[in-house]
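Please treat every number below as a calculation from the coordinates, not as lab data. Fair warning: this is a prediction, and the values are worked out from it, not measured in the lab. FYI the Cβ positions are ideal-geometry reconstructions off the backbone, even for glycines, and counts take in every protein chain you see.
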Amino acid sequence: MKKVSVIVPAYNAHDTLARCLGSLVNQTLQDIEIIVVNDASTDDTWEIMSRCEKQFPDKVIIIDGDRNRGAGGARNQALDLASGEYIGLVDSDNYVAPRMYELLYEKAKEGDYDIVDSGYYQEATDTARLYTGDDLTGILDDNKRKKTYCRRRISCYQSF
């Protein structure tokens, strides 16, 4: 079992996928798998994924979807292969900091959390979105769930 399985749905991601996958295979957390789903792309997304899998066969698993299912459908397809203790989700037009999954994993283990989340930086507008309110840690109730899914923020939760 890996510590983290990261799922990346990819549809016509020619311009962004290499950067995304590069940021994932170079994570400081070594016990990680990256599952990339080609969501019936019509460009060279599959070839980019294949090259990455050949270069990092111990980390990268690729799936060639036969029909476009959208990001959610592609993620669901990958869940069957995920062996990680935790699941991470990254879009093919995103990239992550080198220590992101190491830090998230450590935080999850430290607090015995089921869910950890992080803020994000938006390059186009040069803005960071981060919220660390104390009211969003602990047991996940309806109010915290609503706040968590309405906005991105750092949050850590234990199950009931």
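Counting only C-alpha contacts under 8 Å and six or more residues apart, can you give the relative contact order of the stretch 17-85 as a whole percent? That works out to 38 percent.
Go through 119-127, 33-41 and give me the packing order, highest mean Cβ count within 10 Å leading.
Peptide ranking by packing, descending: 33-41, 119-127.
Using the Karplus relation 6.51 cos²θ - 1.76 cosθ + 1.60 with θ = phi - 60°, the per-residue 3J(HN,Hα) values for the stretch 79-93 come to 4, 5, 8, 5, 10, x, 5, 10, 10, x, 10, 9, 7, 5, 9 Hz, with x marking Gly and Pro.
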